[in-house]
Amino acid sequence: MENEFRILRGAATGPFVLIERLDRHLFGDKWVELPVTGVFEVHDGLITYWRDYYDSPTIMSQLPAA
């Protein structure tokens with residue numbers, strides 16, 4: 001499986017960083033795309049807390065039938 005992660009937008013204030021990205025996964029000959037929002041806290045140059053938010057039905061509707 002091939003994966004690709006595209007950063008679309010980002011914003012930061014203090015230790016808080018928001019990233020909007022598109023995670024792409026190749027299943028067979030079809031790319032499945034999942035919009036994700038990542039929320040990070042950064043202290044002393046290190047990510048100390050990381051959360052990703054996405055909508056499961058978005059990716060499930062794109063997966064090939066089993």
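Derivation of every value follows stated rules applied to the coordinates shown; laboratory data play no part. All values reported here derive from a predicted model rather than from experimental measurement. Here Cβ is always computed from backbone atoms with ideal geometry, including for glycine, and neighbour counts include all displayed protein chains.
Nearest 20 debye, what's the magnitude of the dipole of the chain about its Cα centre given +1 on Lys and Arg Cβ and -1 on Asp and Glu Cβ?
Numbers: 6 positive and 10 negative charges, 22 e Å.
With only Lys, Arg, Asp and Glu charged at Cβ, the dipole is about 100 debye.
Hey, if you put +1 on the Cβ of every Lys and Arg and -1 on every Asp and Glu Cβ in the stretch 2-56, which of I47, P35, A12 ends up farthest toward the positive end of that dipole?
Sorting the options by dipole projection puts first A12.
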